[in-house]
Amino acid sequence: MIQTFLKQQDFHHAFSNATLGRGKHCFKAGQVLSVRIDQVKSNVVSLISHIDNHEASPHEQHIIIRRETGHSSINGDCTCNTGFNCKHVVAALLHFIEYQQQPLLQQLKQDQTSTDKQPSVPENQWAVWYQQYQRRKKTTPETYKTIELPAASDIPRQPTVLYLLQPLTSAASTELFFSIGLYQQGLNGWQLIKPLTGNVTTHPALTREDQVIIGALKPISDMFAFDKRLQPTINSELLKRLITTGRAYLVQTEGHKLFLDKSRHASLRWAEVKGHYKLETVLQNTSKNWISLATTPTFYIDETSGACGIIEQPLDSGLFDALRYMPGISTSQFDELSGFIQQEKLSKVLPLPSPETTNTPIASPKPKLLIQWIESHYAVNAMFVYGQQHFLAGDTTADTYHTFSVEQGHSVTLKRDIAQEEALTDELLNLLATFIEHCQLTTDVSLPFALPDAKADPISNYQFFSQQLSQLTQKGWTVDIKDSGEKLFIEPEQWSIALQPETQSQVLINLTVNIDGEDIPLLPLLIDWLKRTTLQPDDPLPDPVVLLHPNGKRWITLPAEDIAPIIGILVELYDRPALKQKPGLSLPKAVLGRIHQLTEQLHNIHRQGDKALFGLGKQLSHDLMEVVIPPEGLQAQLRDYQHQGLNWLQFLRKSHLGGILADDMGLGKTLQTLAHILYEKEQGRLRQPALIVAPTSLLENWQKEANHFTPQLTTLIWHGTDRMKLWSQVAGNAIDMLITSYGTLQRDAAHLASRPFYLMVLDEAQSIKNARSKAATAVRLIDAQHRLCLTGTPVENHLEELWALFDFLTPGLLGNKQQFRRLYRKPIEQQENSQSQAELTQRIRPFLLRRTKAQVAKELPAKTEMTKLVCLTGKQRKLYATLREIMADKVSSLIAEKGLKRSQIEILDILLKLRQVCCDPQLVKLPEAQQVTQSAKREMLIDMLEQLVAEDRKILVFSQFTSMLQLIEKELNAKQLSYVKLTGQTRNRQAVIEEFQQGEIPIFLLSLKAGGVGLNLTAADTVIHYDPWWNPAVQQQATDRAYRIGQDKPVFVYRLVTQHSIEEQMLMLQAKKQQLADALYNEAPTVKTSLTDEDLALLLQPFDHHE
């Protein structure tokens, strides 16, 4: 027994000396108006006091005194500006010690003695309980009880915010007090650092969750550094959030941490205790030490385990909480109790106590849903099972029943749990109310409940049977259905799919199901169903089945797993406003792979129609391709991957499908395409020419490659001002390949569109990545039986570029632009949706063939060397022609004046200027050259570097002109491409080399003289010689900086050579006249040789000589 609550020395733990002094003065001045003992429980007493505030309203204090080991803690809340443990609290406590503490202790001692001697309940306790209950009923609910809490969660930091909860029970309720503070984990547990106030919202220890909780509690009080009552009407969601932090504790039960547990059912029953009737509250699966809180809904806290949760019970939460603390009732108080029961309408839940209601054991009912067919509808009712006994809901004629007890060996009487039955009935009625609202019915919610007419409204019936029943069974209900014998919902016996060709690129699909021998077209029904939904591509079907209504009588139920693929096709390929109801559906032939997957998933599927289309679907689904023998006339040995590319091109041709050959640069896209065209010619199918569209700089390269690898193909370049003179050859099918540029195609679209082509090939097809560009518009005008795109970069900036290519190749494969944005671009680029990415990849997989150098490295030699021809155009071409003519005259004059041998230095300078024009006119220190900013070779190099960097390649770029490297640097900076550079002016050569070898720098610019020897650059896998050198051995040495011992990757070597210029002639001289090349290169040649007039004529040939 506590000897005292508060001593004078306890004040020094809670108040400063100044506050104590002012409080004593306040007490002695007689400002204490009242001090009322609010609650007393165990070692805690709460006070409510009022202190005179002169002319204003009195200050009110709420004070908690908690007796702990050796001392008492004081937490006082005041309405004054100080707010916490102020002078008013001191004055009220001095008044309590002076006048109230001793009487309280004496009363507690007497009560304890009386309780020990006499267990009976004083008659006046009922009146006290009833008065407090009535006063509590009139309490106005707080406005903050319905506060909405945003989602928020965070990881607590150190120090940590803790929530301490203290339940205090009065005569008619349990109230919850709380305090909030910053605590630090110490050797002896949590140590208080400082209390928290409601104004503290930015402390580092506060998580986002703490800020949410404090914001919700703030309307209760701005101060949380002391115990403060949580109003009984507060929403239980706030308690859930507070407990979910994992930092909520009960202070009176050795600091139990609270945790959320499942909801529990509560029931009320009478128990006789020594002549009095005591109302007991039984909560399932909890200890005896539990409290209820009159939150909304009712909340429980198990003081033994710390478990917390919702109480499932049919009463108002405040009434339920009060009933828990109802004192024992004697028979003389039955009239008062009966009036209370009638007043609160508790007769069904709480009958008057009697021997039958007190001594008979209560059994738990098992709920059963009874569903019976009555004429045209189903009737639903609830039944409660007690062993072999069954009672309909609402039937209270017998609240007890007899059953045989195996354990006792005789018949026993058990009591029905009417309260639990009513709770379960309410559970069913609430579910029916949700069902009525969802189905927009006008039926009353009562039992028995009649479902809508099954034939007039089968959807509501199916909704009930498929969803509401499953919810009840999950809650422990059993279901007993007595059907009508007539099936309203029928699953198909067999599926049938029919494929018929509609055009070369489109196929007509029919899907039917067989019901009782009748074939029912499914696609119109699915389209009609789809129009009424808001399904998005990634959305799962809302129900486990899809209901289709073909004839107004019965409903077809299609399992979602079976029908989802075809619905997915409809959602992806069509906008709902464009869907039309017709027996068949016209789809791009390219989707046959997905149709094949659908037929493999469906059970009992029957295939009808064009067998070739089913075969094509299987090929598309499983990447099955026939192996063709390369054309006999091909002047090259195809590597394995190139042969596979030819097989793929033939597969596309046979299937009338378009595709993108997207191999890495240098893997032979041109060779594979030429082999394909030659194969078509040898098979007799190339009856109209193939049209090749390429950038201007590649036109002659195409013709040269064709002449080299496929000399049987007759070619014609459609370009230049005199091209119209060649139209007769084009119109008359006199050629196999017509080669033109994108610009020329735009200008001549009307002419070229007037005749059909067998095949149209777009090289560097990213030129039409903007679907609204003139080039993209022009290529779509051409009549071509087959279409093919070549590009190593089908996507450079965004996915819509890919759509533009496929819209040219196979319109409809990826839908229109708006559909593509909705289905793929937005989900992938903005939402990073991996499922959409996978679906797009799967969709285009059969129609895009890409091999990287790493993938085919085993088939490549250790070093692959290629020459890329550059075609001069515009002002650069004109400058070269003018300068060549001037220099040719000058060379003639020099030879005439000094002779060839004595003129070599001057001649080399002349040839140097021509080579510089080929590289970049800015290298030539002539006014006319400085006005020309165009450089075809520089542009080609930058394009190559962008592609190679995108492929994670590491590149060496050699040039003999350091000034050319400076021009390249400007371009790389503009493109934000990282690089390092090494020339004769580089001081710390090794640091630059290591930065390239070990770092992330992808490009190394080197002068041929400074970087051509003595370096080990095996990090590189690509070498580009920007300009040719007279002596091929020097370039070979430069190449060997990367291609040497220690290199573990294939090396690709590119030589950029200006076509029909001195550079192209230099290559010929390297092979045919090595001695001439040595003579031009060496200042003091070791072999005797001389330049001839024929050699110089070769080097100074005009462009016209080649045209």
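A compact table of results
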| quantity | calculated |
| --- | --- |
| Burial order of peptide ranges 89-96, 772-779, 645-652 (average beta-carbon count within 10 Å, highest first) | 89-96, 645-652, 772-779 |
| Segment Asp909-Glu832, extension gain: residue separation times 0.36 nm, minus the distance between their alpha carbons | 21.9 nm |
| Of Lys898/Lys1009; Lys774/Lys853; Lys774/Lys975; Lys981/Lys1009; Lys366/Lys415; Lys669/Lys769, those spanning more than 23 Å from alpha-carbon to alpha-carbon | Lys898/Lys1009; Lys774/Lys853; Lys774/Lys975 |
| Simple spin-label estimate for Gln746 and Arg687 in nanometres, 7 Å along Cα-Cβ | 3.5 nm |
| Cβ-derived FRET efficiency at R0 60 Å, Asp457 paired with Trp727, nearest 0.05 | 0.25 |
| Extension gain, Asp426 back to Lys898 (0.36 nm per residue minus Cα-Cα distance, nm) | 158.0 nm |
| Kirkwood Rh (inverse of mean 1/r, distinct Cα pairs), region 644-858, angstrom | 17.9 Å |
| Separation in nanometres of the label points that stand 7 Å from Cα toward Cβ, at Asp444 and Val385 | 3.0 nm |
| For region 8-118: Kirkwood Rh in Å [reciprocal of mean 1/r, alpha carbons] | 14.6 Å |
| Peptides 1053-1062, 330-339 ordered by average Cβ neighbours within 10 Å, highest first | 1053-1062, 330-339 |
| Protection proxy ranking of 866-875, 896-905 - average other beta-carbon atoms within 10 Å, highest first | 866-875, 896-905 |
| Added length on full extension, which subtracts the Cα-Cα distance from 0.36 nm per residue, Gln785 to Glu561 | 76.8 nm |
| For region 799-823 and region 958-1007, distance of Cα centres in Å | 40 Å |
| Ranked Asp1048, Asp1040, Asp302, criterion: other C-beta atoms within 10 Å, fewest first | Asp1048, Asp1040, Asp302 |
| Cα-centre dipole for region 644-858 with unit charges at Cβ (Lys and Arg positive, Asp and Glu negative), debye to 20 | 400 debye |
| Centre separation in Å (Cα based) which lies between region 615-665 and region 38-85 | 90 Å |
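We did not get these values from a lab; they are worked out from the coordinates using the rules stated. This is a predicted model, so every value here is computed, not measured. A quick note on method: Cβ atoms are made from the backbone with ideal geometry, for glycine too, and the neighbour counts reach across all protein chains shown.
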